[in-house]
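*Asks:* Take a look at the following structure, please.
The values are calculated or read from the model by the stated rules, or taken from the named source; none is laboratory data. Everything numeric here is computed off the predicted structure, so don't read it as measured data. Backbone-built Cβ (ideal geometry, glycine too); neighbour counts: all protein chains shown. These accessible areas exclude ligands, DNA and RNA; they are computed on the full protein's heavy atoms, side chains included. Shrake-Rupley method; radii C 1.70, N 1.55, O 1.52, S 1.80 Å.
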Amino acid sequence: MSEKETRESGGSPEASGVTVSDIQELIRRKEEIEAQIKANYDLLESKGIGMNEPLVDCEGYPRADVDLYQVRTARHNIVCLQNDHKAVMKQVEEALHQLHARDKEKQARDLAEARKEAMSHGLGQSQDLSPAQAFAIVNSISPGSPASIAGLQVADEIVEFGSVNTQNFQSLQNIGTVVQHSEGKPLNVTVIRRGEKHQLRLVPTRWAGKGLLGCNIIPLQR
């Protein structure tokens with residue numbers, strides 16, 4: 001799923017019907033780009049130079065203590081790769097929103113059919129027929145993180161996160177507050193994964209990476 005294919009299709013690669021596999025491939029591409037960016041930064045660091053140091057000496061001559069070709073190439077690669085990274089992240093977000101929108105439409109159709117069947121059997125419109133509504137979705141997981149250990153996966157739709165649910169969710173700050181007050185304590189997390197509900201036990205913990213979870217969560221558009 002290359003950027004060339006994206007341009008030729010006139011939009012995001014998910015325009016014709018996104019799947020979880022498509023999102024996983026985009027995540028793989030994102031991680032590949034991040035690895036390439038790090039490799040180029042490591043090359044610059046090995047030369048004792050960064051992105052902005054001048055490549056000429058005080059007299060205006062090319063520096064003799066660095067390989068100018070390697071440095072210029074690495075700097076150019078970093079700029080290009082950072083642009084590629086932004087583009088892929090945008091595709092990931094669009095794909096996740098589209099996947100949710102499609103699933104939401106299916107849920108609405110299933111609910112309508114269930115209510116119709118219940119009415120025909122004189123059962124009325126039971127509130128129990130309403131499917132659980134998600135308010136956020138996971139778009140990345142760091143290996144070895146508390147979120148990964150708990151079994152959270154990319155594209156999981158969050159129905160409940162501790163005390164946060166669809167009724168009281170206002171922003172990601174709600175989740176952040178719960179996490180900060182629950183360090184070292186288990187949180188019950190309910191997610192919808194490929195149409196099935198899963199109950200997870202997540203313990204916010206300090207680990208080798210950033211934050212207490214090691215995952216990225218974005219709100220779902222309604």
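*Asks:* Where does the Debye-calculated log10 I(q)/I(0) of segment 131-222 sit at q = 0.17 Å⁻¹, using only Cα point scatterers of equal weight, no solvent?
*Replies:* Values, matching the q order: -0.64.
*Asks:* Can you give the local net charge around residue 140? Use residues other than it whose beta-carbon is closer than 13 angstrom to its beta-carbon, Lys and Arg +1, Asp and Glu -1.
*Replies:* Local charge sum for residue 140: 0.
*Asks:* Under 5 Å between amide hydrogens, which residues at least 5 positions from residue 152 or on another chain qualify, with H placed 1.01 Å from N in the peptide plane?
*Replies:* Correct list: empty.
*Asks:* Name the residues whose placed amide hydrogens come within less than 5 Å of the amide hydrogen of residue 187, ignoring near sequence neighbours (fewer than 5 apart) on the same chain.
*Replies:* 202, 203
*Asks:* So, for the chain, what is the accessible surface per residue at a probe of 1.4 Å, expressed in square angstrom?
*Replies:* It amounts to 61 Å² per residue over the chain.
*Asks:* Rounded to the nearest 20 Debye, what is the dipole magnitude of the chain about its Cα centre when Lys and Arg each give +1 and Asp and Glu each give -1 at the C-beta?
*Replies:* For this selection, approximately 560 debye.
*Asks:* Roughly speaking, to the nearest percent, how much of the chain's 1.4 Å accessible area is carbon and sulfur?
*Replies:* Answer for the chain is 50 percent, counting heavy atoms of protein chains only.
*Asks:* Which residue fluctuates most in the GNM of the chain (Cα springs below 10 Å): 113, 157, 183?
*Replies:* It is 113.
*Asks:* Additional query: Relative contact order for the chain: what percent, with Cα pairs under 8 Å and sequence separation of 6 or more?
*Replies:* Computed over the chain, the figure is 18 percent.
*Asks:* For the chain: lysine pairs with Cα atoms under 20 Å, gap of 8 or more or different chains, count?
*Replies:* 15
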